[in-house]
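Computed from the coordinates by the stated procedures, all read-outs in this text should not be read as laboratory data. Bear in mind the structure is a predicted one, so any value in this text is a computation, not a measurement. In this analysis, Cβ positions are derived from the backbone assuming ideal geometry, glycine residues included, and neighbour counts consider all displayed protein chains.
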């Protein structure tokens, strides 16, 4: 919520973002309609538009048809004036994307991952990004979004801890900014996936979205009025560590029976190996091969997916019953191979969710099957675009609805 006591400069930044969000939501749009959508005065609209036009982020186009007075020029997002750079650190590759201001992917590179020590890893990544920045023909906003595993202090740009990689207190921003000329904006890679789906994917147009990413682990992103809910200390969304099986196997977090031990990509491979009697020799078994076997009707594969879907469906139903979203998106690498697992999860959710809540939400597979995290990191940069262009830190995604903050009267 906006703090009215924050001061005139913050109010100015807020209203600038309010106008920018209205232009993006209703492009092309007249100044008169902007005043109506934002509840700001015509004078304020003119001042803000005059600030935005020189950046190239918006442009004038055509003429509006008015019933009285002179027709005015319409305003629209100039989608290709600037571009956003984002990268997601996945297990086997680093996925880099460049998008325009509307989130359209203009270029994607899949770079083989080179994991070493944290310092060497981000030095190598920084050098590769520096080469991309130098060679690109696109005009980049002065930041790069970086999606990493683990709990992330986004303000400091630090990985607090990553169970997957065994990293603790890794200063990602500082390490990367030694190598590149752009500011590094750091976020959990699955949370970034939720941002991508909320902005441009299966959750677009929804005000309250839950995104669940199923990969080597399981993470949820919660968006309330378009804003990521981060928790008191950036630890929200760690549903992979809720208890799914009391007295189950020991997790690296120290708990037993965590959801990601029974409902992640690693868990699926391990479960298949156990049911197939492979005695831990699962080197040739992959999530993709299990899904393909299930599509052919193989009973062991189907049983494994059903068991995994049961755990995920119950966990997601609990989230729906608690948060009452109007959109639920299930994505991640485990679901990218086919829709069979999604349909199994959906069936469990429909059985376990309160009917009132279920009737007021949608259940969708992720739109971005292979690059949600990288698109989300670019979306993070786009959320900061006005702060980057006007040299302030405030970055807020505003959904145009209800009555926004009004300027105080000068009388």
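Here are the numbers:
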{"read-out": "Alpha-carbon gyration tensor eigenvalues x 5, square-rooted, for segment 276-318, Å", "value": "22, 13, 9"}
{"read-out": "Relative frequency of Cα-Cα separations exceeding 19 Å in segment 6-111, percent", "value": "53"}
{"read-out": "Mean Cβ neighbour count within 10 Å, used as a protection proxy, ranking 368-376, 265-273 highest first", "value": "368-376, 265-273"}
{"read-out": "Ranked list, fewest to most other Cβ atoms within 10 Å of each Cβ, for 333, 207", "value": "207, 333"}
{"read-out": "Estimated distance in nm for a label pair at residue 299 and residue 137, the labels positioned 7 Å out from Cα along Cα-to-Cβ", "value": "5.8"}
{"read-out": "Candidates 264, 181, 284: whichever shows maximal mean-square fluctuation once the chain is modelled as a Gaussian network with Cα springs under 10 Å", "value": "284"}
{"read-out": "Protection proxy ranking, peptides 136-148, 251-263, average beta carbon neighbours within 10 Å, highest first", "value": "136-148, 251-263"}
{"read-out": "√(5λ) per eigenvalue of the Cα gyration tensor, segment 68-192, largest first, Å", "value": "32, 16, 13"}
{"read-out": "Ellipsoid equivalent to segment 156-229 - semi-axes via the Cα gyration tensor, in Å", "value": "25, 16, 10"}
{"read-out": "Global size of segment 250-311 as Cα Rg and Dmax, reported in angstrom", "value": "11.7, 38"}
{"read-out": "Simple label model, 7 Å out from Cα along Cβ direction - residue 339 to residue 27, nm", "value": "3.0"}
{"read-out": "Residue with peak Gaussian network fluctuation, the chain [Cα springs, cutoff 10 Å], from 18, 250, 319", "value": "250"}
{"read-out": "Mean shadow area of the chain over all directions, Cα convex hull, nm²", "value": "23.1"}
{"read-out": "Modelled label reach - residue 119, point 7 Å along Cα→Cβ, segment 151-165 residues with backbone N closer than 20 Å", "value": "157-162, 165"}
{"read-out": "Stretchable slack from residue 284 to residue 51, in nm (0.36 nm times residue separation minus alpha-carbon distance)", "value": "78.1 nm"}
{"read-out": "Segment 206-365: radius of gyration and largest Cα-Cα distance (Dmax), Å", "value": "15.7, 48"}
{"read-out": "Along each principal axis, Cα extent of segment 120-261, largest first, Å", "value": "53, 39, 25"}
{"read-out": "153, 383 arranged by Cβ crowding within 10 Å, fewest neighbours leading", "value": "153, 383"}
{"read-out": "Candidates 346, 134, 206: whichever shows maximal mean-square fluctuation once the chain is modelled as a Gaussian network with Cα springs under 10 Å", "value": "134"}
{"read-out": "Kirkwood-based shape ratio for segment 213-295, expressed as Rg/Rh from alpha carbons", "value": "1.07"}
{"read-out": "Average Cα contact separation per residue, segment 206-365, under 8 Å, 6 or more apart, as relative contact order %", "value": "24"}
{"read-out": "Per-residue [θ]222 nm for the chain (sum of -39500 (n - 2.57) over DSSP H runs n ≥ 4, rounded to 500)", "value": "-11500 deg cm²/dmol"}
{"read-out": "The chain: angle of helix 8-26 to the longest principal axis, Cα-based, in degrees nearest 10", "value": "70"}
